[in-house]
Amino acid sequence: MKFFIDTADVDAIRELNDLGMADGVTTNPSLIMKSGRDILEVTKEICSIVSGPVSAEVVALNADDMIAEGRKLAEIAENIAIKVPLTWDGLKTCKVLSGEGRMVNVTLCFSANQALLAAKAGATFISPFIGRLDDINIDGMELIADIRAIYDNYGFDTQILAASIRSANHMKDAALIGADVATAPPNVIKAMANHVLTDKGLDGFMKDWAKTGQKIL
Ligand code: E4P
């Protein structure tokens, strides 16, 4: 499973990229707002850090304007994936921009039917939002499994990009189901390294090591 970093924080992206953990990046208007930076400038910097797809989201609501915005965002760098919402106009935009050979990430997906439409419209990525479904007591991971089954039934090559990931467990479950990509905030990716028994074991080793009086360096 590829890891995309769900942030516009360039320092966090750089740190994870140096570790080989950043196969790509996803941004959205809220993350750009949080960065406090200009969308074109921060997205360009992100594209210079990671070589994989960097999603930049359109903000127009009608297809003509979405297409124009998508083309402008695509000028930022070769590795831009244009992010469009899963609306009828978003699907039209997806069809046009993917037809031009551009990567398109269809976002705000909350049902298997929406994912089916995105694949038919030529999406490179479909972004089902796990956490936001869990928030309203709908099993977000079940949606990932449904989309996996449907895409595999028909051989769609649209990649399932599990999004709105809130915990390390979400990462594990998405990987077990076979999501192609998971995008998560840096803190969630770092939390995957944590285990209480690792901490306890290390503590025990350090105490015993101190008793030996030895040094390695
Ligand atoms: C990524 O593409 C999505 O915009 C993001 O994962 C949404 O996450 P949130 O539901 O935590 O805002």
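The values are calculated or read from the model by the stated rules, or taken from the named source; none is laboratory data. Remember, it's a predicted structure, so these values are computed and weren't measured experimentally. Methodologically, a virtual Cβ is constructed for each residue, glycine included, from the backbone with ideal geometry; neighbour enumeration extends over all protein chains shown. Just so you know, the surface numbers come from the protein's heavy atoms only, side chains and all, with ligands and any DNA or RNA stripped out. Shrake-Rupley method; radii C 1.70, N 1.55, O 1.52, S 1.80 Å.
Compute log10 of I(q)/I(0) for region 1-90 with the Debye formula, placing one identical point scatterer on every Cα and leaving out solvent, at q = 0.15, 0.20, 0.22 Å⁻¹, to two decimals.
So the normalised log intensities work out to -0.52, -0.89, -1.04.
Which of the GluC sites (Glu not before Pro) found in region 1-82 are in a DSSP loop and have at most 14 neighbouring Cβ atoms, other than their own, within 10 Å?
Qualifying residues, ordered by number: GLU75, GLU78.
Enumerate the amide H contacts of ASP180 below 5 Å, restricted to partners 5 or more residues apart or on another chain; note that Pro and chain-start residues carry no placed amide H.
Under 5 Å from the amide H of ASP180: ILE160, ALA162.
Compute the accessible area per residue over the chain, keeping the other protein chains in place, probe 1.4 Å, unit Å².
On a per-residue basis, 53 Å².
From the phi of every residue in region 61-73, what ³J(HN,Hα) in whole Hz does the Karplus formula 6.51 cos²θ - 1.76 cosθ + 1.60 yield, where θ is phi - 60° and glycine or proline is x?
Each residue of region 61-73 in turn: 10, 10, 4, 4, 6, 4, 5, 5, 5, x, 5, 5, 4 Hz.
Quick one: Karplus J couplings for region 113-123, per residue in order, coefficients 6.51, -1.76, 1.60, θ = phi - 60°, nearest Hz, x for Gly and Pro?
Couplings: 5, 4, 5, 5, 5, 4, 5, 4, 7, x, 4 Hz.
In debye to the nearest 20, how big a dipole does the chain give about its Cα centre with +1 on each Lys and Arg Cβ and -1 on each Asp and Glu Cβ?
Dipole magnitude for the chain comes out near 400 debye.
With every protein chain kept in the model, how would you rank HIS170, HIS195 by accessible area, 1.4 Å probe, largest at the top?
Accessible-area ranking of HIS170, HIS195, largest first: HIS195, HIS170.
Can you compute the FRET efficiency between VAL196 and ILE138 using 1/(1 + (r/R0)^6), with r the Cβ-Cβ distance and R0 = 30 Å? Round to the nearest 0.05.
It comes to 0.50.
In terms of modelled amide H atoms, which long-range or inter-chain residues lie less than 5 Å from the amide H of SER55?
VAL25, THR26, THR27, ALA81
Leaving out ligands, DNA and RNA, and with a 1.4 Å probe, what % of the accessible surface on the chain is carbon or sulfur?
After summing per-atom areas, the C and S share lands at 54 percent.
Can you give me the three principal axis dimensions of region 42-94 from its C-alpha atoms, in Å, biggest first?
33, 16, 15
Okay, which of region 36-69 sit inside 11 Å, backbone N to the point 7 Å along the Cα-Cβ direction of GLU75?
69
What's the local net charge at ALA8, with K and R +1, D and E -1, over the other residues with C-beta under 12 Å away?
Local net charge: -4.
How large is ³J(HN,Hα) for each residue in region 200-217, as worked out from phi by the Karplus curve 6.51 cos²θ - 1.76 cosθ + 1.60 (θ = phi - 60°), to whole Hz, x for Gly and Pro?
Those phi angles translate into 5, x, 5, 4, x, 4, 5, 5, 5, 4, 4, 5, 6, x, 8, 9, 8, 10 Hz.
Just the projected area, averaged over all directions, of the convex hull on the alpha carbon atoms of the chain: how many nm²?
14.6 nm²
Mind listing the long-range amide H neighbours of MET103? Cut-off is under 5 Å, sequence gap 5 or more, other chains count too, H placed in the peptide plane at 1.01 Å from N.
ILE82
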